[in-house]
Structures are given as structure tokens and as C-alpha cells.
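Any read-out appearing in this document is the output of simple, stated calculations on the displayed coordinates, not a laboratory observation. If you're wondering where the values come from, they're calculated on a predicted model, not measured in any experiment. Glycine also receives a Cβ, built like all others from the backbone with ideal geometry; neighbour counts cover every protein chain displayed.
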Amino acid sequence: MPLSPPDETSSAAAELAQQRLLADLQQLVRPRHARWDELGLMSVRSFVLEELQVHGPVEQHHFGEGADAGVNLILRLPGQRPELAPVLVAAHYDGPLGSPGADDNASGVAALLELARRWAQTPPKRPVWLVAFDQEEWGMVGSAALARELKSSGQRLHLMLSLEMLGYTAEVQNYPHEAMKAVYGSRGDFIALVANTGAAALLPGLSGGMGAHVKTKVLPVPFKGRQLPDVRLSDHSPFWDEGYNAVMVTDTSFMRNPHYHQPSDTIETLDLPFLQAVINGLDAAISGC
């Protein structure tokens, strides 16, 4: 049988990846708040656990008590050089109250699952820990619990990345300060990398790897982001507070997406080719870092 031309082969692979991404989103996009949509949260947790377990043992990291109890899911992949400090890549699988949470944060979890598939087959240079966090919407409870435990045990991390809303584009982009528009542009067609001072040195490599696939903008912030509170609103901030280098990867959330925390945050509003490009960029950036 003759081989398909390269362009046909790559097109078929891209179509398959898009179908896989959509299938994941269809399982993830549903109300799943830890207090008011417990059945939805349990369903999504079971799906993510099952998908991650295909690639190795998954730790169910229980934290908190009573109303604050939850479960983080942790898959550790060894990497080509297991002696190196790992990269922790995470997304929260719980959702906001009264919303199916397609962008927030099914988009991040779908990216996490796809990266797990790729890195299980083609390991990055460093070990990677893929973490699905619980209870981000309740105040980053799950990520805070894990960050504290890692710090107290002396666990080194090369970098922590929080995948927080990756799938929305818009004609208009807003910012916490109007002056930022002159630097970053007025169109919401990029992915942002928001880093603390310690991680700033890694931004050129990360943005270079991602930029080959998707328009990428960087924002280093001093003082753990406390002067710009909006940049702390995800699971990277507990890692900043514990002294780790961490980056939030984001489509800028409510600064772009009018469906943020609304019933209208559905799959139909997402830019799936953009989300696929973000995943490809993350794969490239992390595999060689």
C-alpha cells in the first residue's frame, strides 16, 4: 500500500487530535462545584482518574476535612533524565457555581489529559508530574494543600505550571491597567504566561517553544503578584507563596471571556483550533525545558 503524502498524514493526525479533544471536553463540561454539584464533580473526578491511570499509577491525594475535603489526582511520569527536578503541570477539575465550565477549566483539564498521553509515549527531558486539582473554585484549597506538603518535605520543583482557561479568543482584550494594551495589543488572540520573579528567567524558553505554535505573551510579576491581585486567581499562587517558581498559562479569563462563571461557558464558545495550538505549544515548551 502506498504511503500517504506527508500533508495528508499530518492532516489526519490533527483531525484525530481534534476529535479526541472534543470527546474529552464532552465528558468534562458539566456543573461540578464541590458544594452544590457534588455528583457532577464525582463524575468528572472518576473520568480524569480513569484517563490518567492508563499511563501509570495515580496518587489520590486527599486533603482537608468536612466541607474542605477534596482529592487531588497526581500522575508522575519519569522523563528521560529522572534525576532532574520535575516540572509539575496542573489544572483544576472542579468548576464554578452554576456554570458548565467549558473554558473554566475543562479546557485546562483536556489539555492535561492530552499532554499525559503524549508524554507517556514520548517522555520529556525532565520528569513531569501531572496534577488535577480539586477545589480551586473554593479558594485554591487543593493546590495550597499540596504546595504546603511539597515544601515541608523538601521536594524540589524545576517549575510549576497552572493551566487556567486555555480555549477562548475574542476581538477585544481587556487588562487590569489600560497601559498594558500598548504592550500586549487589543485583540484577545494570544495565550499569556504569567510568572513570578524567580520563574522569569524561564520565560524566554517557554515562550519560544509555545510561540512556534500559538501567539504567546509573557508577564513577569514581582512580589508574588500581590500588586496585581487578578494574576493570583489560580493554583499557581499557593506555589508562589511557598517559594516555588510557577507560571499561570491562561487566555486571561474574565479579561477576555464574557462567559466566565456563567451558564453560557459552553463548548460552543471555545476556539478549539486555538486550544489545540496551545496544547501543541505546551508539549514543545515543556518537553525540552
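Scattering from the C-alpha atoms of region 195-262 alone, worked out with Debye: what is log10 I(q)/I(0) at q = 0.17, 0.24 1/Å?
Treating every Cα as an identical point scatterer, log10 I(q)/I(0) equals -0.65, -1.10.
Send over the Kirkwood Rh of region 65-164, from the inverse of the averaged 1/r over different Cα pairs, rounded to one decimal Å. Mind dumping the intermediate values first?
On the way: mean 1/r = 0.0707 Å⁻¹.
One over the average 1/r among Cα pairs gives 14.1 Å for region 65-164.
Only Cα pairs within less than 10 Å get springs; with that Gaussian network setup on the chain, which residue of ASN257, ASN245, ASN174 has the largest fluctuation?
It is ASN174.
Where is the GNM fluctuation largest for the chain (alpha-carbon springs, 10 angstrom cutoff): GLY154, GLY108, GLY185?
GLY154
Would you grab the residues whose amide H sits under 5 Å from the one on LEU161? Only those 5+ places off in sequence or on another chain, please, with H modelled 1.01 Å from N.
Residues meeting the criterion, in which the H sits 1.01 Å from N, are LEU88, VAL89, ALA90, VAL247.
Where in region 228-257 does the amide nitrogen come within less than 13 Å of the point 7 Å from the Cα of VAL183, taken along Cα to Cβ?
Under 13 Å, as judged by backbone N against the label point of VAL183, lie 228 of region 228-257.
Check the chain and count each lysine pair with an alpha-carbon distance under 29 angstrom, considering only pairs eight or more places apart or from different chains.
9
Enumerate the calculated ³J(HN,Hα) couplings along region 245-257 in order (Karplus 6.51 cos²θ - 1.76 cosθ + 1.60, θ = phi - 60°), each rounded to whole Hz, writing x wherever the residue is Gly or Pro.
7, 8, 9, 8, 9, 8, 7, 5, 6, 5, 6, 9, 9
Which residue, TYR244, TYR260, TYR175, tops the fluctuation ranking in a GNM of the chain built on C-alpha contacts under 10 Å?
Maximum among the listed residues: TYR175.
Of THR269, THR216, THR252, THR122, how do they rank once you tally other Cβ atoms within 10 Å and put the fewest first?
Ordered from fewest to most neighbouring Cβ atoms within 10 Å, THR269, THR216, THR252, THR122 come out as THR122, THR269, THR216, THR252.
Reported to two decimal places, what Rg/Rh ratio describes region 99-227 when computed on Cα atoms with Rh from the Kirkwood expression?
Dividing the radius of gyration by the Kirkwood radius yields 0.95.
Which residues' amide hydrogens lie under 5 Å from the amide hydrogen of ASN196, considering only partners 5 or more residues apart or on another chain, with H built in the peptide plane?
Sorted by chain and number, the residues that satisfy this are VAL221, ALA246.
How long is region 141-289 along each principal axis, judged by its Cα atoms, biggest number first, in Å?
45, 32, 32
Compute the normalised compactness of region 1-155: alpha-carbon radius of gyration over 2.2 N^0.38 Å, N being the residue count.
Numbers: Rg = 17.1 Å, N = 155, 2.2 N^0.38 = 15.0 Å.
Working it through for region 1-155, the quotient is 1.14.
For a footprinting-style exposure proxy, rank SER46, SER237 by other Cβ within 10 Å, fewest first.
The order, fewest Cβ neighbours first, is SER46, SER237.
How would you rank PHE239, PHE190, going from fewest to most other Cβ atoms within 10 Å of each one's own Cβ? Walk me through the numbers on the way to the answer.
Values: PHE239 29, PHE190 19.
By the 10 Å Cβ count, ascending, the order reads PHE190, PHE239.
Considering all projection directions equally, how large on average is the shadow of the alpha-carbon convex hull of the chain, in square nanometres?
15.6 nm²
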